[in-house]
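The values are calculated or read from the model by the stated rules, or taken from the named source; none is laboratory data. Since this is a predicted model, take the numbers as computed values, not measurements. A quick note on method: Cβ atoms are made from the backbone with ideal geometry, for glycine too, and the neighbour counts reach across all protein chains shown.
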Amino acid sequence: MTGFGTISEAAYLAIYSMILFVRSGRSLNTVEVANKLFASRHHVMKILQLLHQNKYLGSTRGPKGGYFLKEGAAKTSLLEVYELVSGEILTGDCALNRDACPFARCMFDERINELKMKFKNHLKNKTFDEYAGNE
């Protein structure tokens, strides 16, 4: 069961991995990223592979290999990476994204959609390079 507004571990790992790459300015391997994020190496590996497949990260092989931030990736919005991992944040008249409602008045009074829109706009207006400062 998840709490209201919970972000998946995969989305957390994708966003924070990108920030780690922006801050480091160098290649990082899966173990380094997993250790910094206190996460499973296997889960981090899946996320880094997804980011690599979608052209946010490049990679080098070998004992000193790892992943690196591709040129221009730091200008990516957090929303783009969030939705890559978690899917599109849907907004509309119904908090459950349904076409019909059995009630004359929604018990949520569109509050859920307001919160989803604020969250979506926040992610849309933030880029990874904004987090390039010191850790």
Out of V44, V85, V22, which single residue is in contact with a strand residue (DSSP E or B) (Cβ under 7 Å, 6 or more places away or on another chain) and in a helix (DSSP H, G or I)? V22
Tally, over region 47-94, of residues that are of a type in the set (A, V, I, L, M, F, W, C), surrounded by fewer than 20 Cβ atoms within 10 Å (Cβ to Cβ) and out of contact with any helix residue (DSSP H, G or I) (no Cβ under 6 Å at 6 or more places or on another chain): 5
Sole miss for L123 among (1) surrounded by fewer than 17 Cβ atoms within 10 Å (Cβ to Cβ); (2) assigned to a helix (DSSP H, G or I); (3) of a type outside the set (F, W, Y); (4) at pLDDT 95 or above is condition (1)
Report whether or not V33 is β-branched (V, I, T), surrounded by 17 or more Cβ atoms within 10 Å (Cβ to Cβ) and more than 14 Å from the chain's Cα centre (by Cα). yes
Suppose the filter is modelled with pLDDT of 95 or more and either over 22 Å from G5 (Cβ atoms) or in contact with a Lys or Arg (Cβ under 8 Å, 6 or more places away or on another chain) (or both); does H52 pass it? yes
Those residues that are under 26 Å from K116 (Cα atoms) and assigned to a strand (DSSP E or B), I need them from region 47-82; list them, please. S77
